[in-house]
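The values are calculated or read from the model by the stated rules, or taken from the named source; none is laboratory data. Predicted model only: the values in this text are computed from it and were never measured. Here the Cβ is made from the backbone with ideal geometry for all residues, glycine too, and neighbour counts use every protein chain on show.
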Amino acid sequence: MIKNLTILFSFCIVLIGNAQNTFSKVEGLPGSSEFGTTVVKTSKGFLATYGDKDQSLKTYCLGTMALDNKGNVLQKNTFCYGENAIVRYGRGLLLRNNTIAYYGTLQQYDTIKKDFTTWTALTMFNELGDTLWTKQFLDSAKHVSAGTLIETPDSGLFLIGDETINATGSNPLILRVDKYGNEVSSHSISSMGNIAIYSIIKHPNGKYYGGGYKNYGSTGDPFVAEMDSNMKTLWSKAYTSNNGLGATLTLLSDGNLAFGSDTLISKHSPGLYTTRKQLFKIDTRGNILWRKLHDEVGESNYYASLIETKRGNIYALGRRKPQEGIHHTLTKLTPQGDTIWMHQYAYEDIEGVNYLWDMVATDDGGVLMVGDVTPDSSRYQDVWLLKVDSNGCVNNNCEKTLVYGLGVSVEESKPIQTVVIYPNPVIDGKAQLDGLEANVEYKVSITNLRGQVVLLTKYEVNQVLDLSGLMSGVYQASIYEDKGLVAKEKLIIYE
């Protein structure tokens, strides 16, 4: 559905060195509601894919929108899977033959079982979004949702899904198909708890690296696995977040890997968390080269996907929720992960429904971000196309979106204060913290060696820290104030 709108950002041309076109606009199909937009770069420009509802909100199809390099719509199509609903958050991939493979999730309610059946579909499009063919992969005994996909050397595909194994567990399901979508082989990556992989890259060393999350009951962490040419796991590691946002991997020009996430600051109630944006760079053995925390504390603040520029800088698409409302953000970072600038974007206003789900680099040095919005207080969503230049600007009034610029708000995960826990080791379950400022309320997070948060509490100077509920062992104490991390200290407890 498209309406006449007064939008926050208008279309304009910005001249910075070479001409870079910018725009912020919505596109949709008459009488429909679009959601979960993703985008791939093509030789003609871009192809966006999204879920597409009809006015009854009962039929869920797959929509495609072909764009030229200036964001002009070349063609729109809708493809429906019969009575089966397409579920949001599939992934598209440009193949070597210039076709686009889309791996998505289908769902239908079974009136006999009184439950949903969930399975996956692979659909092939040309660069204008015309459907070439589709294949569905259904096992009525399982629930499988689509994660990601990657092309194989023989022009087939690895399709990575998420297979539900019981009421509390799921594993990655890896399906290999030939170039016609015929199944060649399949296997699961078995583990305790929940593991999902929804990003995959092939490294020049011949290995595959999958990124996602690993869940430990009520908390989870970003998860990375190295796999061989048959997608068999060689090693896997989880990285401390304690909140569960997964790792969307990016291969850097130096051969290392990077991904964004969040990191838990405090948990107010089930489903309500305060976090900060977190960024990792790791080598091909999973060792952390650097880890950085950015931006202020807010509800569900995170980095999602990353892009590396030709000069080695990183663009990070993220989310922040300060007091005045929800924003989606684009941050430019140095190769060392320090912030250069951050812009925040809203389509009409910060109180509206604004989502940015995916992004690609553009030939002029800018970034095209795609999402969906509910404009003009409507209950329908449209596709949001947001093209910014290499400085994150969408028009001449660039300061309107700028949160901070060069040299401002650069924060790392290194402690900024020396804090002493005494006594340490703790013998009677009581301790105090020395080195903190008076009249400041701190938060103390205690994690065990598995990275699980075992205690979250408030703390002020001269207060006694009650650790009597913790078993003997080695822990890590992280101390936070409103501006973020203050210190991290090793903590030993004896009974």
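Taking (1) in a strand (DSSP E or B); (2) surrounded by 15 or more Cβ atoms within 10 Å (Cβ to Cβ) in turn, Trp235 satisfies each apart from (2).
Only one residue in Ile174, Ile189 is under 30 Å from Thr263 (Cβ atoms) and touching a His at 6+ places or on another chain (Cβ under 8 Å), so which one is that?
After applying the criteria, what remains is Ile174.
For the range 1-48, the set of residues classified as over 22 Å from Val87 (Cβ atoms), part of a loop (DSSP other than H, G, I, E, B) and at pLDDT 65 or above consists of Thr42, Ser43, Lys44, Gly45, listed by residue number. The set of residues from the range 202-231 being buried (at least 23 other Cβ atoms within 10 Å of the Cβ) and either of a type in the set (Asp, Glu) or in contact with a helix residue (DSSP H, G or I) (Cβ under 8 Å, 6 or more places away or on another chain) (or both) comprises just one member, Asp221. Residues of the range 85-115 that are out of contact with any Asp or Glu (no Cβ under 7 Å at 6 or more places or on another chain), surrounded by fewer than 18 Cβ atoms within 10 Å (Cβ to Cβ) and over 20 Å from Tyr198 (Cα atoms): Asn97, Thr99, Tyr109, Asp110, Thr111, Ile112, Lys113, Lys114, Asp115. Is there a residue being free of Cβ contacts under 8 Å to residues at least 60 places away in the same chain, touching an Asp or Glu at 6+ places or on another chain (Cβ under 6 Å) and part of a strand (DSSP E or B) anywhere in the range 197-212? No, every residue in the range 197-212 fails to be free of Cβ contacts under 8 Å to residues at least 60 places away in the same chain, touching an Asp or Glu at 6+ places or on another chain (Cβ under 6 Å) and part of a strand (DSSP E or B).
Given the structure, is Ile165 among the β-branched types (Val, Ile, Thr), under 29 Å from Leu252 (Cα atoms) and out of contact with any Ser or Thr (no Cβ under 6 Å at 6 or more places or on another chain)?
no
Those residues that are among the β-branched types (Val, Ile, Thr), without any contact (Cβ under 8 Å) to a residue 60 or more places away in the chain and either outside the structural domain of Ala66 (by TED's automatic domain parsing) or crowded, with 19+ Cβ neighbours inside 10 Å (or both), I need them from the range 120-147; list them, please. Correct list: Thr120, Val144. When the range 73-116 is filtered for residues that are assigned to a loop (DSSP other than H, G, I, E, B) and at pLDDT 95 or above, the ones remaining, listed by number, are Leu95, Arg96, Asn97, Asn98, Thr99. Considering only the range 186-196, state which residues are assigned to a strand (DSSP E or B) and over 19 Å from Thr123 (Cα atoms). The answer is His187, Ser188, Asn194, Ile195, Ala196. Could you tell me whether Thr49 is assigned by TED's automatic domain parsing to the domain that holds Val370, crowded, with 18+ Cβ neighbours inside 10 Å, of a type in the set (Val, Ile, Thr) and within 18 Å of Met359 (Cβ to Cβ)? Yes. Restricting attention to the range 159-173, the residues that are assigned to a strand (DSSP E or B) and more than 20 Å from Arg88 (Cα to Cα) add up to 0. In the set (1) in contact with a Phe, Trp or Tyr (Cβ under 8 Å, 6 or more places away or on another chain); (2) closer than 22 Å to Val367 by Cα, Thr131 fails one condition alone, (2). Sort out which residues of the range 82-97 are farther than 22 Å from Gln381 by Cβ and under 26 Å from the mean Cα position of the chain (by Cα), and write them in order of number. Of everything in the range 82-97, those that are farther than 22 Å from Gln381 by Cβ and under 26 Å from the mean Cα position of the chain (by Cα) turn out to be Leu93, Leu94, Leu95, Arg96. Candidates are the residues of the range 363-394 that are hydroxyl-bearing (Ser, Thr, Tyr) and over 16 Å from His343 (Cβ atoms); the one that is modelled with the lowest pLDDT is Ser377.
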